[in-house]
Amino acid sequence: MKIFAPKEINPIETRASLDPAAVKKLVGLGAEVSVESGLGARCGHGDAAYIDAGATVTADRAAGLAAADLVTRVRQPALDEVGLLKAGAIHISFLDPFHETELISRFAAQQVSAISLEMIPRTTLAQKMDAISSQANLAGYAAVVIAASRMNTIFPMMMTPAGTISPAKVFVLGIGVAGLQAIATAKRLGARVTAFDVRPEALEQAESLGAKALRIDLGTTAGTDQGYAKELSPDQLAKQIDAQAKVCAQSDVVITTAKVFGRKPPILIKKDVVASMQSGSVIVDLAAESGGNVEGITPGEVTVTANGVKLIGLANIEGTVAKHASQVLAANFANMIEHFWDKEARTFMIKPADEIQQGCLITHGGSIVHERFKI
Ligand code: NAD
């Protein structure tokens, strides 16, 4: 089986789908791996490192795509690149299938089996290939480090002969994978952390990391069978926004990570709350790329409000730590390929009835096969 990893074309993307360690693993399985020249240039891996790991390096992207039995990439391809793939090829990447309807139809028409990393089930068996988690974990860390670097104050308490400096107050909104890592990182830096999530079990997890859980009685907050939160009702949302306003106003740093699977993230911090915050405080919105949790935040930009609050809506925050983000993402790819690898045929087996593939295989055999996206 020929595996090809093209360079990312989105200018904000610094990660690579394969790193040399993943190439080595795939070559060890018996795959022929080829990567586009410059694949790892923005995450610390030169072409020579891929060659040393057993890959061939090509500058001919179109030929690489056309010859591939399996393509790995971080972001979804441009529509016209789908047409370069051969019928029967497998394509694995983040796909944003809820919004990329045309792309999905194009994959089906091209008879490509498209696998969406976002749709990998959150199960123990699939954990080793769970790219959402591997990236969210690093994004949570990076969000805190970015906030710390943009403040004019420090995180830890310091008792010095010149007086005592109070610890930073950090509020983490949304305690999923990213939120938990943000709490852990902020605690390590010495901050006093408060956290809120609509899932009660997440509050307990925050407490076990030493954060103070903000408890707001919202009535029933249902979750999905995958452990995701469901959308709140307008009344519940209004109650939450009101109850957390005081915590925001008193915080030096607010990190928002709240997402509802398959939907636009809820706006949880409105302009009046931002206006009530102290000058010099910082909000990092990890949901910014998909719409944001904070009113007035511009995805991909850092802005300062009239009252001196820094709104950080950076896109691709995990890409700020591109080497490690690529390391774990590439490991997710290699683990997935290994999991479905047939040693004798030396090929990735498409098994539409398999529990994991049922979750993440979107198109196959010329059709959209995923129940959620069938037209
Ligand atoms: P996510 O990125 O979809 O959302 C981030 C957090 O935002 C979630 O904790 C969610 O509850 C929260 N949220 C939604 N609406 C909110 C609101 N109005 N206010 C505050 N918070 C709100 O979540 P995720 O990080 O991808 O994790 C989702 C779930 O999957 C979690 O339960 C996690 O423990 C679970 N998970 C399981 C596995 C596994 O079993 N293999 C792996 C990873 C994650």
If you go through the stretch 321-337, how many residues are under 10 Å from residue 17 (Cα atoms) and either of a type in the set (D, E, K, R) or modelled with pLDDT under 95 (or both)?
-> 0
Is at least one residue of the stretch 321-328 surrounded by 22 or more Cβ atoms within 10 Å (Cβ to Cβ), among the aliphatic types (A, V, I, L, M) and under 20 Å from residue 181 (Cα atoms)?
-> yes
Within the stretch 181-201, which residues are near the ligand (Cβ under 8 Å from one of its atoms) and among the charged types (D, E, K, R)?
-> 197, 199, 201
Among the candidates 126, 114, which residue alone is under 15 Å from residue 348 (Cβ atoms) and within 25 Å of the chain's Cα centre (by Cα)?
-> 114
Residue satisfying condition, being modelled with pLDDT of 95 or more and either within 10 Å of the ligand (Cβ to nearest atom) or touching a Cys at 6+ places or on another chain (Cβ under 6 Å) (or both), within set 255, 267 | 267
Boolean, residue 190 is at positive phi and not assigned by TED's automatic domain parsing to the domain that holds residue 359 | yes
Could we say that residue 46 is over 21 Å from residue 370 (Cβ atoms) and buried (at least 22 other Cβ atoms within 10 Å of the Cβ) here?
-> no
Cross-chain or 6+ apart pairs with Cβ under 7 Å, the stretch 209-223 first and touching a residue at least 12 places away in the same chain (Cβ under 8 Å) and outside the structural domain of residue 171 (by TED's automatic domain parsing), then more than 12 Å from the ligand (Cβ to nearest atom) and of a type in the set (Gly, Ala, Ser) = none
Does residue 362 meet the test of being within 30 Å of residue 53 (Cβ to Cβ), in contact with a His (Cβ under 6 Å, 6 or more places away or on another chain) and in contact (Cβ under 8 Å) with a residue 40 or more places away in the chain?
-> yes
Say we look at the stretch 102-139 and pick out the residues that are more than 23 Å from residue 182 (Cβ to Cβ) and free of Cβ contacts under 8 Å to residues at least 24 places away in the same chain; which of these is nearest to the ligand (Cβ to nearest atom)?
-> 124
Quick one: how many residues across the stretch 21-39 are touching a Lys or Arg at 6+ places or on another chain (Cβ under 9 Å) and either farther than 15 Å from residue 8 by Cβ or touching a residue at least 60 places away in the same chain (Cβ under 8 Å) (or both)?
-> 6
Restricted to the stretch 86-141 and to residues being surrounded by fewer than 17 Cβ atoms within 10 Å (Cβ to Cβ) and of a type in the set (Lys, Arg), the residue farthest from residue 69 (Cα to Cα) is 128
Could you check, for the stretch 298-307, whether at least one of its residues is crowded, with 23+ Cβ neighbours inside 10 Å and of a type outside the set (Val, Ile, Thr)?
-> no
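Conditions tested, residue by residue: (1) surrounded by 16 or more Cβ atoms within 10 Å (Cβ to Cβ); (2) away from the ligand (no atom under 15 Å from the Cβ); (3) among the small types (Gly, Ala, Ser).
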position: 149; (1), (2), (3): no, yes, yes
position: 156; (1), (2), (3): no, yes, no
position: 164; (1), (2), (3): no, yes, no
position: 167; (1), (2), (3): yes, yes, no
position: 175; (1), (2), (3): yes, no, no
position: 179; (1), (2), (3): yes, no, yes
position: 203; (1), (2), (3): yes, no, no
position: 211; (1), (2), (3): yes, no, yes
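The values are calculated or read from the model by the stated rules, or taken from the named source; none is laboratory data. Since the structure is predicted, the reported quantities are computational estimates derived from the model, not experimental observations. Cβ coordinates were reconstructed from backbone atoms using ideal geometry, including for glycine residues, and neighbour counts include every protein chain displayed.
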